[in-house]
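Everything on this sheet refers to the single structure shown next.
The values are calculated or read from the model by the stated rules, or taken from the named source; none is laboratory data. Remember, predicted model here, so these are calculated numbers, not experimental data. Virtual Cβ from ideal backbone geometry, glycine too; neighbours counted across all protein chains shown.
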C-alpha cells in the first residue's frame with residue numbers, strides 16, 4: 001500500500017514533522033478518523049511503539 005512509503009517513527013527525530021507527513025498521506029488516501037487511529041500504531045517502531053502500546057493498556 002501507499003502507507004509503506006511513510007517512514008516509521010521510532011521515537012527519535014522531529015515527531016511533529018513526521019506526524020505532518022503522516023496526516024498528509026492519510027488525507028491523500030481519504031482515510032476516516034477511525035482508520036487513521038487503527039493504522040497509526042503500524043507506523044511506530046521501537047520506543048514510540050512501546051509507548052503507544054502502554055497507553056492502550
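Some observations on this one:
- Checking residue 54 against (1) surrounded by 13 or more Cβ atoms within 10 Å (Cβ to Cβ); (2) assigned to a helix (DSSP H, G or I), the condition it does not meet: (1)
- In region 18-41, of all residues being surrounded by 11 or more Cβ atoms within 10 Å (Cβ to Cβ) and in contact (Cβ under 8 Å) with a residue 24 or more places away in the chain, the one that is nearest to residue 8 (Cα to Cα) corresponds to 39.
- Qualifying residue in region 3-21 (condition: modelled with pLDDT of 85 or more and touching a strand residue (DSSP E or B) at 6+ places or on another chain (Cβ under 6 Å)): yes
- Residue in region 4-11 that is out of contact with any helix residue (DSSP H, G or I) (no Cβ under 6 Å at 6 or more places or on another chain), part of a loop (DSSP other than H, G, I, E, B) and without any contact (Cβ under 8 Å) to a residue 24 or more places away in the chain present: yes
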